[in-house]
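The structure under discussion appears below in the form of structure tokens.
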Amino acid sequence: MPPAQPDPEPPPIHRLLELIKSEPDPATALSHLELLVSTRPAFPTPQPLIFHLLRRLATTAPSHLPRLLGLLPRMRHRPRFSESAALVALSAFSRALMPDAALAAFRDLPSLLGCNPGIRYHNTLLDAFVRARRFSDADAFFASLSHGAFGRRLAPNLQTYNIILRSLCARGDVDRALSLFGTLRRRGVAPDRVTYSTLMAGLAKHDQLDNALYLLDEMLKCGVQADAVCYNALLSGCLKNGKFEKAMRVWEQLVRVPGASPNLATYKVWSRMVANNHQLDTVTHGILIHGLCRSGDVDGATRVYSEMVKAGLVLDVAVYNSLIKGFCEAGKTGEAWKFWDSTGFSGIRNTTTYNIMMKGLFNSGMVNEATELLAQLENDAACSPDKVTFGTLIYGLCENGFANKAFKILEDARTSGKELDVFSYSSMINRFYKDGRTDDANKVYENMVKDGCKPNSHVYNALINGFCRACKINDAVKIYREMAGNGGSPTIVTYNTLIDGLCKAEKYQEASSLTKEMVQKGFTPDIKTYGSLIRGLCRDKKVDSALNIWNEILDVGLKVDVIMHNILIHGLCSAGKVDEAFRLYLEMKEKNCSPNLVTCNTLMDGFYEDT
């Protein structure tokens, strides 16, 4: 009988960490973590790794979350988390309509994660019950908040009330919803747009239209801006109850209130109004077409246009321009081009129409068609090219890699006395610098000054950026001084570009001096300014100086994003200060700044190098 084979040795820790980090499937990565915990229970599993896996499972595989949570008690050195980690898990169960799993997690997570949850945590469980239509559980849980049934007494906030209002309206209990609305106001909680729109939709749906319309008036008086969702709910309620005159008044208010753009749902309501022989004029059609195009529903806008033509309404240039722009911005430039050809209304187009079409064609890479429009425009007796036309042409050609053609159009326009604006010149200068054609860029700048077109901050910024890209930092500084000498006004972009260029050229002292000069001139350094300084100092291995600037950022109250955290975490890990990097990671979560894959990979590499 052959001797029994010994159990295979588990993979080394660093190999398991690599497998977990690189595995694209989060469920498989979780299996690797389970192996690590079972074979190396004393190993302190990095907290960033657990949180990263928690987020991945929550996003793509919430049914596996209980496996991960079940691992935590088996870890001898269990890491502590903030409330944000618990919210990630609970929110995943809520979205996946898993209220029982959410309830179990709600009870266990505070002790498992070592966090002290607040009202947001309780609201997430409440939302899980409502999403799953477990309304009796939602009511009981809501009542328990003020009685401390789960160990703490918590005052409901606006989000709590909005969730319960949604629950009451979903089951048709609008009288209780109105009563709760009164309660929250008596308790000093100010309703927001979600509160009003939820309640208005519920009232309109359940035959309390007058109350819904009254709420709209109150909402506007309180300074809360209504959106299309609010108006659509009211319009649907009016039509359901046969109140067509009220529907028309609501409609007229919708199309005239700033910020309340019609959308696809509005179009459906509009169709019902037309079906009931409520005629709308050209202006109203035009506003609806504009709103639908702006919200991305160009198909709905096209149907409205067809109905408009069928009704014999006169198509004006505003409608025409809205449709062309809508097609182009929706990525349907080919359809815009067909619409342009099929209409053939030379009398209805203006120069703006040509400019919109030209920009759309360039954005879709249809360079030949865009340049053909210039010839059409020059032959159109009703309009002629303007400075926007040339700016669009030059910028579009530059962005599509036709710098020489753009330069020819610029020179032809110059020599023929056409009006050019600063945008045309700055586009050309930018393109030449990006292509490494510094001399050509300088020539365009010289011609611009010679033609009497005064450079603005955009041109100076383009010159400074171009010299920085070409690693000619001294020339960039010279342009900055020239700008100040000519009465130009540096902007925050000017300073940030030059400070970044100085840092990349390893001129850290000059960058620091320019930052002080910037402050003396009344500019406040922003996150880009500090980011350049910190990145440069970390690259120069001066992480202590980088940390000093970091503390300065926090002192002035700037919000640091994940990119800034990643820069400093990488610098600290590169300098062997992994513990400080990890502390910075923990502070991230306290600031509600979510780590990303780069954060976790950087820390994992730091831990790996440190083991």
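No value in this document is a laboratory result; all are computed from the given coordinates. These numbers come from a predicted model, not from an experiment. As a convention, Cβ positions derive from the backbone with ideal geometry for all residues, glycine included, and neighbour counts pool all protein chains shown.
Which GluC sites (Glu not before Pro) in region 494-596 pass both tests, a DSSP loop state and at most 14 other beta-carbon atoms within 10 Å?
Working: sites: Glu506, Glu510, Glu517, Glu552, Glu580, Glu587, Glu590; in loops: Glu506.
Filter output for region 494-596: Glu506.
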### Message
What does the extension gain come out to for Ile492 and Ala381, with contour length at 0.36 nm per residue minus their alpha carbon separation?
### Response
35.5 nm
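Volume per residue, Å³, of the convex hull around the alpha-carbon atoms of the chain? Each step should come with its number before you reach the end.
Details: hull volume 151.6 nm³, N = 611.
Taking the convex hull of the Cα positions in the chain, it is 248 Å³ per residue.
If neighbour count is taken as other Cβ atoms inside 10 Å, put Leu220, Leu498 in order from fewest to most. List each step's numbers first, then the result.
Numbers: Leu220 15, Leu498 26.
Neighbour counts put them in this order, fewest first: Leu220, Leu498.
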### Message
Rounded to whole Å, give me the distance from the Cα center of region 390-427 to that of region 555-583.
### Response
44
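Throw me the Rg/Rh for region 156-247, computed over C-alpha atoms with Kirkwood Rh, two decimals.
On the way: Rg = 12.4 Å, Rh = 13.0 Å.
Rounded to two decimals, Rg over Rh is 0.95.
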### Query
Along each of its three principal axes, how wide is the spread of alpha-carbon positions in region 537-611, in whole angstrom units, largest first?
36, 26, 16
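For an R0 of 30 angstrom, estimate the FRET efficiency from the Cβ-Cβ distance between Ala104 and Glu18 and round to the nearest 0.05.
Details: r = 33 Å, r/R0 = 1.08.
Result of the calculation: an efficiency of 0.40.
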#### Entry: Estimated 222 nm signal from helices in the chain, with DSSP H stretches of n ≥ 4 weighted -39500 (n - 2.57), rounded to 500
-22500 deg cm²/dmol
## Note on the structure
Count of lysine pairs, region 519-611, Cα-Cα under 28 Å, sep. 8 or more residues or interchain, comes to 21
#### Entry: 12 Å Cα-Cα reach of Lys504 towards aspartates and glutamates, excluding residues that sit fewer than 8 places from it in its own chain
Asp540
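Which whole-number percent is the relative contact order of the chain (Cα, under 8 Å, 6+ apart)? Intermediate results must be reported in sequence, preceding the final value.
Details: 733 pairs, mean separation 39.1, N = 611.
That works out to 6 percent.
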### Query
Under a plain spin-label model, where a point goes 7 Å from the Cα along Cα-to-Cβ, how far apart in nm are Lys528 and Asp544?
3.2
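Roughly how big is the chain's charge dipole about its Cα centre, with Cβ charges of +1 (Lys, Arg) and -1 (Asp, Glu), in debye to the nearest 20? Present the calculation step by step, with values, prior to reporting the outcome.
Details: 71 positive and 64 negative charges, 267 e Å.
It works out to roughly 1280 debye.
I need Ile289, Ile567 ordered by Cβ neighbour count within 10 Å, fewest first.
Values: Ile289 26, Ile567 23.
Lowest count first: Ile567, Ile289.
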### Summary
In this structure, the FRET efficiency calculated for Ser513 and Asp412 from their beta-carbon separation, with R0 = 51 Å, to the nearest 0.05, is 0.70
### Query
So for the pair Ala27, Ser457, with labels modelled 7 Å out along Cα→Cβ, what separation do we get in nm?
5.4
### Query
What is the Cα centroid distance between region 466-493 and region 308-377, reported in whole angstrom?
40
### Query
What's the exposure ranking of Ile324, Ile473, going from fewest to most Cβ atoms within 10 Å?
Ile473, Ile324
